[in-house]
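One structure below.
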Amino acid sequence: MEPLNLAVIVKLEPDFSEGNVSYKPDGTLNRNETKSTLGPHSGIAAKAAFYAKVKYGAKISVCSMGPPWADIALQQAQQTCDADVLHLYSDRIFAGADTLATAETLKTGIEKMQGKMDIVFSGHRASDGETGQTGPQTAWKLGFTFIGNVISYDVNLEKRTVVAKCLLTLNGVPNVIEEIEAPLPVFLTIDPSYKSNFTTVSQRIAFEKYQKEAYERARNFKQSLKVFNIDELGVDKTLVGLAGSPTIVYQVERIPKGKATRQAEVFDGSNSEHIRKVVAKMREALSAMVIK
Amino acid sequence: MEKYDVAIIGGGSAGLAALKQLSTLGKQAVLLEAGKKVGVKNISGGILYSKKPNKGRVYNVEDIYGQNFVNEAPLQRKITKYLLHATSKDKVFSMDLTAAHEYQSNFGYSVLMNDLNAWFAQSADESAQKCGGGIVPGVHVNNISWDDEKERTIIQTDELDEFQVKAVIAADGVNSEVAQITRARPKFSAVQLYQGVKAIVKLPEDIINETFAIGADDGEAHLFAGDITLNHLGGGFLYTNRDTLSVGAVYHFDSLLDSPIEPNTLLDALLKNPMITELIKDEVPVRGKIDKTLEKEKQMQIRFAVTKLIKTWYEIRDVYLSSSRRKELIKTGKFNSEDEIKSKLSETREKMSSQYGIQFKTDYVEDEYGAKLIPDGKRCRMKKPYHKNVLFVGDAAGRGVFVGPRIEGLNVGIDDGVRAANAIARALEKNNFSQGYLGEYYTKSIEESPYTKDMKEIDKEYLKIFIDATKDVPKDILSAKHSLVLKLMSSGAIRSMAAKFVNVLGYERLLPVIESEESYVKVPTELAERSGKTISSSYTPSIPLLADRIAKLNYNDDKVSHIKVLNPNNDFMKKLVMLCPTKCYSEENGQVTIQHEGCIECGTCSEQTDWKHPRGEKGINYRYG
Ligand SMILES: Cc1cc2nc3c(=O)[nH]c(=O)nc-3n(C[C@H](O)[C@H](O)[C@H](O)COP(=O)(O)OP(=O)(O)OC[C@H]3O[C@@H](n4cnc5c(N)ncnc54)[C@H](O)[C@@H]3O)c2cc1C
Ligand code: SF4
């Protein structure tokens, strides 16, 4: 049986976690001051790929389009999924790309990877104002079957199919979990609620082993990293970057910054009367939320 | 169902030694550990010994992990001085027990279990993987069942599919669930246990060297008895680590049940002793008052800035006051020179006081609070440490040598682990896991261990060293019973006869004399009173409240309680309101209830509750241990 060949597409994003994000006085993001990191959804995609590494011993390549310093996103992804290969597509010409132009770059990169690709993973969307189109568009360009909102999956190595559970959320209707079986190759976008579930001792031993390997590899990530400029990638210049983008960001709305309304009150944890008050307050707050 | 040769339950130092040894012998074994990572659940004093008994052999750490162990493992300091202090208020009488500490030993290092067990685990796991096994953390074993017809032993856990093995090593500690599942032994009772409670005090490396007047790699151990016991049977310890101190109290659990006292009070009694107060002394930043007339948001900003600055100051100071870390950070290019670190430190300090009114005062800093039961090997070692194809090792088997100042559980469990591994490797070769071939063979091996001898009888050589060390003690302080024993033992001619006689009497009769109020409290108190040196302390330490100690601990909360109260109105349970080290129990209208969230899994309440370890990854995570 052929080992699985997987790719993950990831993105460097501003770090929105506490203490790392910085705003300009007008409320828009100060990109220079804000640290960057592997996007949280990309992280989940890497985690999903790691599942196949643990369970089926798959080979994983991770790629990203971004500035030279986006290599840290690849490093972080490698630490999550123990990637064997890292690709960074970095060139000034790629700047200003919309989702379609990005998809073209990523598709070209994936096709350049060694071996026939079986599954490509992407995050559900990016956290810095992207619309969740890069994944589906890359899938379309690759000609792979697309499955979205994946919350868990397994591969049938003999039949060479994937069986994925997908979460469907529709307004006013209870959530539905749909199970889809599709022949490889497939493109999966991973839902934020995705969880890897390892249920046997051998899987857990493999998990520990690959996790250690991932840590080591990520420490020396440059050894697995290959950076491509536009010529090295050999992509059609008219289809990438600003030139290849049929859409353009026309205006960025200000992030409304709420005025701090918090008024702290001090309660003494050893005083049962105080505790009662806290409980009453919490109840009040919770009920208000429900009514709204 | 998956199949493995051996399952080891519990990744403390004993279980890890078993895994390393089995793997070295080329046998396949998986080790299941409930903690999220190996090391987070383990707590010790602790001094790790390597021993060389005159008769028989023991398996030491370096026999298992390699002769380079001392250079590779994360050991804290080599203990080169071992002192016993008798205390009474501000008076201290000190006796040098270094000779007893060095008795039949290759070395004794202070250790912190989180780091040390993680290191053991890495080494053992590497070897185990080569044999198709490994370590699986975050898994709680909840049952073992036997299908005798099919000759199958099945391991069940809260997290994974059940799997099949040929033999099992129970290394699940003093509160062993495997012992209950197999009914191999009853739960330990109060007379068989000690309760240990411990605090990690933060103190920069250079300050430790200066305070104790020791070299960068040397360490000291200090034991305490006398009025610091608050009239309970037990005592205190203080061990120097690289840049922390381990300060703790170990008490006979039955003595605590007789007159319940909060474990943290016993710990505080130590910390308040002027001698200890001086040893833990450091410089500590104190936040200035924030101007309450400022806007709320501004106040908050200041609070954050101060927190960040204090953190930075500690980080730089820890580096500056540690020769090894100073060198390392200069080597890696983080700093250019020592002067640069120094000026960065004073710059930060200047900013702290000028911009935020932070002041500096003399105090001490506590980093971690913890507690655990300790099985007293003299009273509770399993005589038959097996059930079917399950072998018990370490604390789970009730093994440890605790006699006077001799405190050894780690090395004993490691020796057990190797013996169990050897017995199982032999059984695997013959595919014979019968009680006769496996269990009895292991029992015999354990019985041959010099440690078992030390659990059964008094070692007269050790006793002599101890008595020599206490030669300056005025004999009239001792009661008639004590002086008689002492007199007999001090005379070389009759010592060996007397020791024999005493050993005929057996530990059971002798222990009430040795481990008495007289030994732990009265004699040392009077000794200090009469002959002690007065030590005055230069400050009053701000000892944290229990609530603050608990707040500093790291838990993965579980919604479900791992402990169930069986008899809410019995006496034992009522005493737990005092004796639980994190105050999980409270009594209302004569009924005791538990709030399990703060539980540190010490096991103090286990005897009379339905007690399990939390599910995989849940519960307490010690940083030091
Ligand atoms: C305060 C104090 C001071 C001490 N001082 C010293 C000293 O100076 N020198 C010395 O040699 N000894 C000392 N000891 C004793 C020594 O620490 C212990 O003997 C030793 O740590 C026991 O190791 P162990 O591997 O047997 O058990 P543990 O370290 O308790 O390990 C048991 C492991 O099993 C896991 N486990 C339990 N149940 C399950 C389950 N069902 N499924 C999966 N995993 C499970 C636990 O999470 C834990 O990690 C001291 C002890 C204390 C408390
Ligand atoms: S609840 Fe029991 S096991 Fe938990 S900390 Fe209290 S006494 Fe120890």
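Checked against the criterion of being away from ligand 2 (no atom under 11 Å from the Cβ), buried (at least 19 other Cβ atoms within 10 Å of the Cβ) and under 18 Å from the mean Cα position of the chain (by Cα), the candidates B:G625, B:G616 yield just one match: B:G625.
For the range A:141-218, the strands (runs of 3 or more DSSP E) that sit wholly inside it and include 3 or more residues that are over 28 Å from A:K116 (Cβ atoms) and either within 14 Å of chain B (Cβ to nearest Cβ) or β-branched (V, I, T) (or both) are A:173-183.
Tell me whether the range B:182-189 contains one or more residues that are within 11 Å of ligand 1 (Cβ to nearest atom), within 26 Å of B:F572 (Cβ to Cβ) and touching a residue at least 40 places away in the same chain (Cβ under 8 Å). No, that holds for no residue.
Identification of strands (runs of 3 or more DSSP E) wholly contained in the range B:145-210 with 3 or more residues that are at pLDDT 95 or above and within 16 Å of ligand 2 (Cβ to nearest atom) yields B:193-202. Please verify whether the range B:607-621 includes one or more residues that are more than 16 Å from ligand 1 (Cβ to nearest atom) and in contact (Cβ under 8 Å) with a residue 24 or more places away in the chain. Yes, that holds for at least one residue. Criterion first (over 30 Å from B:T604 (Cα atoms) and assigned to a strand (DSSP E or B)) does B:K444 satisfy it? In short, no.
As a summary of the residue check, B:S123 satisfies the conditions (1) assigned to a strand (DSSP E or B); (2) within 14 Å of another protein chain (Cβ to nearest Cβ) except for the one numbered (1).
Please specify each residue of the range B:1-47 satisfying the condition of being surrounded by fewer than 24 Cβ atoms within 10 Å (Cβ to Cβ) and either within 16 Å of ligand 2 (Cβ to nearest atom) or within 13 Å of chain A (Cβ to nearest Cβ) (or both). Residues satisfying the conditions are B:M1, B:E2, B:K3, B:Y4, B:D5, B:Q28, B:K36, B:K37.
Looking only at residues of the range B:599-612 that are more than 6 Å from ligand 2 (Cβ to nearest atom) and not β-branched (V, I, T), we find that the one that is nearest to the other protein chains (Cβ to nearest Cβ) is B:K612.
No other residue among B:I228, B:I214, B:I261, B:I181 is of a type in the set (A, V, I, L, M), away from chain A (no Cβ under 14 Å) and crowded, with 20+ Cβ neighbours inside 10 Å apart from B:I228.
Checking each residue in the range B:11-38 for being part of a helix (DSSP H, G or I), in contact with a strand residue (DSSP E or B) (Cβ under 6 Å, 6 or more places away or on another chain) and under 10 Å from B:A121 (Cα atoms) picks out B:G15, B:L19. When the range B:88-115 is limited to residues that are farther than 21 Å from B:E62 by Cα and in a strand (DSSP E or B), the one that is nearest to the other protein chains (Cβ to nearest Cβ) turns out to be B:S88. Within the option set A:A83, A:A7, being touching a Lys or Arg at 6+ places or on another chain (Cβ under 9 Å) and closer than 26 Å to A:E232 by Cα holds for one residue only, A:A83.
Check B:A118 against each of (1) more than 14 Å from chain A (Cβ to nearest Cβ); (2) not in a loop (DSSP other than H, G, I, E, B) and name the one condition it does not meet. Going through (1) more than 14 Å from chain A (Cβ to nearest Cβ); (2) not in a loop (DSSP other than H, G, I, E, B) one by one, B:A118 breaks only (1). Can you spot a residue in the range B:146-154 that is touching a Phe, Trp or Tyr at 6+ places or on another chain (Cβ under 9 Å), under 22 Å from B:Y442 (Cβ atoms), within 14 Å of another protein chain (Cβ to nearest Cβ) and surrounded by fewer than 18 Cβ atoms within 10 Å (Cβ to Cβ)? Yes, some residue in the range B:146-154 is touching a Phe, Trp or Tyr at 6+ places or on another chain (Cβ under 9 Å), under 22 Å from B:Y442 (Cβ atoms), within 14 Å of another protein chain (Cβ to nearest Cβ) and surrounded by fewer than 18 Cβ atoms within 10 Å (Cβ to Cβ). In this structure, B:K533 does not satisfy being modelled with pLDDT under 95, away from ligand 2 (no atom under 15 Å from the Cβ), more than 14 Å from chain A (Cβ to nearest Cβ) and over 25 Å from B:D395 (Cβ atoms).
Taking residues in the range B:343-368 that are part of a helix (DSSP H, G or I), and partners anywhere that are of a type in the set (K, R), the pairs with Cβ atoms closer than 8 Å and at least 6 places apart or on different chains are B:L345/B:R317; B:Y356/B:R287.
Going by what's in this entry, would B:Q192 be described as within 18 Å of B:L373 (Cβ to Cβ) and in contact with a Cys (Cβ under 7 Å, 6 or more places away or on another chain)? Yes.
Is it true that some residue in the range B:52-74 is more than 16 Å from ligand 2 (Cβ to nearest atom), in contact with a Cys (Cβ under 7 Å, 6 or more places away or on another chain) and in contact (Cβ under 8 Å) with a residue 40 or more places away in the chain?
no
Output yes when any residue across the range B:130-141 is in contact (Cβ under 8 Å) with a residue 12 or more places away in the chain, at positive phi and not in a loop (DSSP other than H, G, I, E, B), and no when none is. Yes, some residue in the range B:130-141 is in contact (Cβ under 8 Å) with a residue 12 or more places away in the chain, at positive phi and not in a loop (DSSP other than H, G, I, E, B).
Just for the range B:190-208: of the residues that are β-branched (V, I, T) and more than 10 Å from ligand 1 (Cβ to nearest atom), which one is surrounded by the most Cβ atoms within 10 Å (Cβ to Cβ)?
If we take residues in the range B:190-208 being β-branched (V, I, T) and more than 10 Å from ligand 1 (Cβ to nearest atom), then B:I208 is surrounded by the most Cβ atoms within 10 Å (Cβ to Cβ).
Annotation: of all residues in the range B:536-560 being within 16 Å of ligand 1 (Cβ to nearest atom) and over 22 Å from the mean Cα position of the chain (by Cα), the one that is farthest from the other protein chains (Cβ to nearest Cβ) is B:V560. Residues of the range B:581-598 that are of a type outside the set (D, E), within 13 Å of ligand 2 (Cβ to nearest atom), surrounded by fewer than 23 Cβ atoms within 10 Å (Cβ to Cβ) and not in a strand (DSSP E or B): B:K583, B:C584, B:Q595, B:H596, B:G598.
The values are calculated or read from the model by the stated rules, or taken from the named source; none is laboratory data. Predicted, not measured: the structure shown is a model, and the values here were computed from it. Because the Cβ atoms are built from the backbone with ideal geometry, glycine has one as well, and the counts that use them run over all protein chains shown.
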